[in-house]
Structures are given as C-alpha cells and as structure tokens.
1. Under 23 Å between alpha carbons: how many lysine pairs meet that in the chain, if sequence neighbours fewer than 8 apart on the same chain are excluded?
2. What distance in nm lies between label points placed 7 Å from Cα along the C-beta direction at Glu8 and Thr165?
3. Please report, in debye to the nearest 20, how large the charge dipole of the chain is about its Cα centre when each Lys and Arg carries +1 at its beta carbon and each Asp and Glu carries -1 there.
4. Give me a comma-separated list of calculated 3J(HN,Hα) values for region 157-167, in order, Karplus coefficients 6.51, -1.76, 1.60 applied at θ = phi - 60°, integers in Hz, x for any Gly or Pro.
5. When the chain is modelled as a GNM with alpha-carbon springs shorter than 10 Å, which of Lys147, Lys161, Lys86 fluctuates the most?
6. If you count, for each residue, the other Cβ atoms within 10 Å and average over each peptide, how do 102-110, 186-194 line up from highest to lowest?
7. Give me the percent of DSSP beta bridges within region 7-207 that run antiparallel, rounded to the nearest 5.
8. Normalised by the residues of the chain, what does the relative contact order come to in percent, with Cα pairs under 8 Å and at least six apart?
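No lab work stands behind these numbers, since they all come straight from the coordinates. Because the structure is predicted, anything quoted here is derived from the model rather than measured. Quick reminder, even Gly has a Cβ in these numbers, built from the backbone with ideal geometry, and neighbours come from all protein chains shown.
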Amino acid sequence: MVNMIDTERLMKRGQKDAMVMFTCLVTSTGWSPDMVVYRGTPGSDALAEATLNTGTNAIFTPAIYAHQKRDAWVSGTVVYRVINGKPHLRIYLNQESDRISHGEDFIAPQRVWIPDKDLNHKGWRLYPMFGYSATVVIRISVVANGKLQDANLVFETPQGKGFGTQWLSYIWDATFLPGYLHGTSVACSANFQIVSKSGGKHFSHWQPD
C-alpha cells in the first residue's frame, strides 16, 4: 500500500502535510474489499482519496492465527509530509498518537475472524441493520498472546442508541492477534475502532470529521 500511493502526484495536487486514519478488512487472500478512511487533519482530502483508492486495490500480507491465514480487521494511520521540497509517506498499523509521534514500529492488536466461532456472531453487523452510520472506540488491553484483559468504551456516535454498550459486550467474544513492537509480541493497550456506514453493509468510503 505504501508503495502504491503516488506521493509526487499528491504534491502536484497541492497536498500539504496531512494525516488520515483508516480501518479495512484484509481477507485471508490479502485482498481488502472494505475500507473506511476518517479523522483526517484539515486539508487532507487528497490524501484520503489516495488512501482509499489504493487500499482497496493493494494486496496485504494476511493475518496468521493458529497456523492458518485468517480474515482480520486492520486499523492504521497514513502520515504525509513535504520536507525540503520532497514528499514523504509513512503508514503505521496503529492509531496511537504517542507511538506515531515517536515513529515506533508498533502493530496494534488485530481482530481476526474465526469461522467456527464467529459464524453466528450477528453483533458485528449491528449498525447497518439499524440503518445508522456509527462510530465506536473501545480501549482494549491484551497480553502478549493476544488474550483480551480489559476493555472500556471511550467514544460513541450517535449517542444514546446503546451501540457502545452492546459492542463492549461483543468485544469479549472476539479473537485478537497480539500487538507487536519491533517484531515482538507484547502486552499492550490500543484503541479498537468500529466504523460502519448505513445501507446494509460496509462500504469503502471517506468519512470526514
């Protein structure tokens, strides 16, 4: 994905320093059919468009769980800067501001899809069923093997619909890969963000704040 975003074209389009966040489904084949891009800094529309167009055409390395390739929900941050007249791009597989500001090689825990376990887990499609576009952020803590230790709701919109509380209960049934710091699995905390658009399914889209 980082090699497919045309940074020279972004600079020619007048893109200034910018940052966007994304969440995408990466299938066991490495294809990403669903992606949402959000929380862009002011003036980041060109970067958001390039991220969305590239992300749904890129081939990713799929998640491995129990020695098998699995579908996984992956969240990350795209940072674009122009330094001394030259464009620079970094993609982080986390959305932690402290880790990004320090340039850490940190991969946040990823939720993996286990067919036998998750086949009837209807809660993961809750929002579109009710016709809402919604965002929920849950702060999770996992140990070095990915086992969930703690989860707390930190943000939800729309408010008053009970989505955050329901997702908080669903999260305990989810399976996570551990977080990785410099290639080593570690106990860690990270924001787990669920973004859904109304219309009956997830769509690839840009959601400006």
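1. So the count of such lysine pairs works out to 13.
2. 5.6 nm
3. Roughly 240 debye for the chain.
4. For region 157-167, the Karplus-derived couplings read 8, x, 7, x, 9, x, 5, x, 5, 5, 5 Hz, x marking Gly and Pro.
5. For the chain, modelled as a Gaussian network with Cα springs under 10 Å, the answer is Lys86.
6. Working: 102-110: 17.9, 186-194: 19.7.
Packing proxy ranking, top to bottom: 186-194, 102-110.
7. Values: 51 of 54 bridges.
Here the share of antiparallel DSSP bridges comes out near 95 percent.
8. On the way: 454 pairs, mean separation 47.5, N = 209.
Once divided by the residue count of the chain, the mean separation gives 23 percent.
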